[in-house]
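Peer 1: Below: one structure in structure tokens.
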Amino acid sequence: MNWAAVSTVTVLLFLFGSYLQTSWQLNGLLNQFGSQLEVSVFLGTGVQGADLQPTVAQLPEVAAVQVITKEAAWAQLVDEMGASDLKNATRQLEGNPLTDELKVRARSPQAVVTLTQKLARLDGVDEVRYADEVVQRISQLNRGLSWLSMVVTTLLTLTAIAVITTTIRLIVMARRREIEVLQLVGATTIWIYLPFILQGIIFGGLGAVIAWSFILSMQQFLKRLLTQQPEFLQFLLNGLQLSAQQQLLLPLILLGFGASIGLMGSLFAVRKAALR
Amino acid sequence: MAPAIAPPTAKTQSPSTSKVIAPAIVTLRGVSKTYPNNTKALMGINLEIPRGSFLFVTGPSGSGKSTLLKLLYGEERATEGRVVVDGCDLQQLRGDRLSHLRRRIGVVFQDYKLIPRRTVSENVAFALWAQGLSRKEVHRRLHPALRMVGLHHKSNCFPEQLSGGEQQRVSIARAIVGTPPILLADEPTGNLDPDNSLQVMKILKKLNEVGITVVVTTHDDGLIRRMNQPVVQLFNGYLLQPKK
């Protein structure tokens, strides 16, 4: 077994598999953010949330609407600030300075932008806020990761094919006496070169299996690391979980990719000799 | 020095034998071979080898003997002319069709071309395995071939444990184990002493007597005289008149 060829494929597939997994995880995270994505609609002074609630609930992008009265918001704020005497605080500020707020949940992350635009146009709405920045940053990260991984994967794929080609060519050269005899006694081209092609596929397949085991170990390690972290990171951990379908798909993709690289490398190696 | 020979005749040359001439198993018509470096190895060769005959091809080194055999088993292609072996035109043969013709041609070399890390029986069985024969069929054919060359008692030896003559006999066994109708031997005694050379020649003669057409290249005139078989001579790529 030639470990130079196998380890090159392993490094390639480990990086490729890690990228693929991270990309899926980031998408999962985006969806999770999306599902919890609430648009905060602050109403104008004197506008009652309960009056606007039916209009907002009728919008097609809306999944749910919750009214937070300015009194409830004020009470929560005061509570969070540690001021126990609500009446005293209100008196000091000459009344409740807040306005009613609607918490609107969108049906899908894609609908959020449209929804905010519609909400902003409604009468009585002062300001619309949502956590689009986080979503956009993650999307940007995902896009950047895609480009980086495409470049790295292409370079490593070419390297792996070159290493496998060289390795198989060396094996062919080392066995040229046998090949010569095989040709003389009438062995067909497939009979002579199929073992070399299979060897290339095995290099690729073995690289895929090792890469997958590394990825699994890394997953376990990160999971263990994150479970000891604060709640926000645990929330992230839920987003980072792969679905059962993805868990099955990842090794299959790695195996297919590895085998293809092995096949290509060995075909390049024997092509010249076989076509004579 | 330029050879003092007549230009080749257009007439087909056939080795002289006392037997009734059988239809040709090998036919060369107007065959020339020029290598890519412009070396002219063969020029205007016309030759017919009857089925079941024994023929020596002789001539000095570089006269084109090996090239002639290479044309017969398809290792090289003629630049001009036609080469027909056992009914197959070698100019037309490529890929697997050439492989299938080679199963009907046994080839023996001066350097034996045995595989060092395989035993005698494995080396011989290798030829049958390469043709995709079953294990049972390989086993059935292996021992008669080894007995024919007198090496059945050394079937588990490795080539390095054998003498040159024995290695050449393994090579002959490998060439005939597939029961080909034609056997080509390129300087089979080139590395052997006179006794081993004679032994190898006797085996080749015995194979000829069971019906295999045998073509042997050699420049050992003594051996040719002792074997008393038809001879054709090559000189600087030209085929000279047959001599006895």
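The values are calculated or read from the model by the stated rules, or taken from the named source; none is laboratory data. The structure presented is a predicted model; accordingly, all values stated were derived computationally and were not measured. Counting neighbours? That spans all protein chains shown, and the Cβs are built from the backbone with ideal geometry, glycine included. We work out accessible area using only protein heavy atoms, side chains counted, and drop any ligands, DNA or RNA first. Shrake-Rupley method; radii C 1.70, N 1.55, O 1.52, S 1.80 Å.
Peer 1: Would you tally the residues in region B:121-136 being surrounded by fewer than 13 Cβ atoms within 10 Å (Cβ to Cβ) and either at the interface with chain A (Cβ under 10 Å from one of its Cβ atoms) or part of a helix (DSSP H, G or I) (or both)?
Peer 2: Qualifying residue count for the region: 3.
Peer 1: From B:P188, B:P180, grab the single residue that is out of contact with any Lys or Arg (no Cβ under 7 Å at 6 or more places or on another chain), open to solvent by less than 10 Å² (accessible area, probe 1.4 Å) and in a loop (DSSP other than H, G, I, E, B). Walk me through how you get there before you give the answer.
Peer 2: Numbers: B:P180 fails: out of contact with any Lys or Arg (no Cβ under 7 Å at 6 or more places or on another chain).
Only one candidate qualifies: B:P188.
Peer 1: Another one. Within region A:179-191, which residues are over 51 Å from the mean Cα position of the chain (by Cα) and more than 7 Å from chain B (Cβ to nearest Cβ)?
Peer 2: Once the filter is applied, which keeps residues that are over 51 Å from the mean Cα position of the chain (by Cα) and more than 7 Å from chain B (Cβ to nearest Cβ), region A:179-191 yields only A:Q183.
Peer 1: Of the residues that make up region B:166-174, is at least one open to solvent by 40 Å² or more (accessible area, probe 1.4 Å) and within 13 Å of another protein chain (Cβ to nearest Cβ)? Break it down into steps so the answer makes sense when it comes.
Peer 2: To start, the set of residues in region B:166-174 that are open to solvent by 40 Å² or more (accessible area, probe 1.4 Å) comprises none.
Scanning region B:166-174 turns up no residue that is open to solvent by 40 Å² or more (accessible area, probe 1.4 Å) and within 13 Å of another protein chain (Cβ to nearest Cβ).
Peer 1: Still on this structure, please answer the following. When region B:202-223 is examined, which residues are found to be part of a helix (DSSP H, G or I), open to solvent by less than 50 Å² (accessible area, probe 1.4 Å) and modelled with pLDDT of 90 or more?
Peer 2: B:I203, B:L204, B:K205, B:L207, B:N208
Peer 1: Hey, another quick one. Within region B:93-104, take every residue that is open to solvent by less than 20 Å² (accessible area, probe 1.4 Å) and facing chain A (nearest Cβ under 8 Å) and give me the one that is nearest to the chain's Cα centre (by Cα).
Peer 2: Looking at the filtered set, the residue picked out is B:L101.
Peer 1: While we're here: Pairs under 8 Å by beta carbon, first residue over 17 Å from B:V149 (Cβ atoms) in region B:180-201, partner aromatic (F, W, Y) and surrounded by 17 or more Cβ atoms within 10 Å (Cβ to Cβ), six or more apart or different chains?
Peer 2: Listed by first residue and then by second, the contacts come to B:D186/B:F109; B:E187/B:F109.
Peer 1: Hey, any hits in region A:154-163 for a residue that's of a type in the set (A, V, I, L, M, F, W, C), within 14 Å of chain B (Cβ to nearest Cβ) and more than 30 Å from A:A57 (Cα to Cα)?
Peer 2: No.
Peer 1: Okay, moving on. Give B:L93, B:L71, B:L101 a once-over and let me know the one that is part of a helix (DSSP H, G or I), of a type outside the set (K, R), more than 24 Å from B:E209 (Cα to Cα) and in contact (Cβ under 8 Å) with a residue 12 or more places away in the chain.
Peer 2: B:L71
Peer 1: Here are B:S155, B:S163: which of them is closer than 14 Å to B:Y112 by Cα, of a type in the set (G, A, S), away from chain A (no Cβ under 14 Å) and touching a helix residue (DSSP H, G or I) at 6+ places or on another chain (Cβ under 8 Å)?
Peer 2: B:S163
Peer 1: Next question, about the same structure. Which residue out of A:R224, A:R176 is more than 21 Å from A:F14 (Cβ to Cβ) and either away from chain B (no Cβ under 14 Å) or without any contact (Cβ under 8 Å) to a residue 40 or more places away in the chain (or both)?
Peer 2: The unique qualifying residue is A:R176.
Peer 1: A:L170 fails exactly one of the following numbered conditions: (1) open to solvent by less than 50 Å² (accessible area, probe 1.4 Å); (2) more than 28 Å from the chain's Cα centre (by Cα); (3) away from chain B (no Cβ under 14 Å). What is the number of that condition?
Peer 2: Exception for A:L170: condition (1).
Peer 1: Taking the stated definitions as given, is B:R118 under 30 Å from B:K154 (Cα atoms) and either away from every other protein chain (no Cβ under 13 Å) or not in a helix (DSSP H, G or I) (or both)?
Peer 2: Yes, satisfied.
Peer 1: Further question: I'd like to verify a number: residues in region A:173-193 that are more than 15 Å from B:G74 (Cα to Cα), in a helix (DSSP H, G or I) and open to solvent by 20 Å² or more (accessible area, probe 1.4 Å), how many?
Peer 2: 6
Peer 1: Taking region B:67-92 on its own, how many of its residues are within 12 Å of another protein chain (Cβ to nearest Cβ) and either of a type in the set (V, I, T) or in contact with a helix residue (DSSP H, G or I) (Cβ under 9 Å, 6 or more places away or on another chain) (or both)?
Peer 2: Selection size over region B:67-92: 5.
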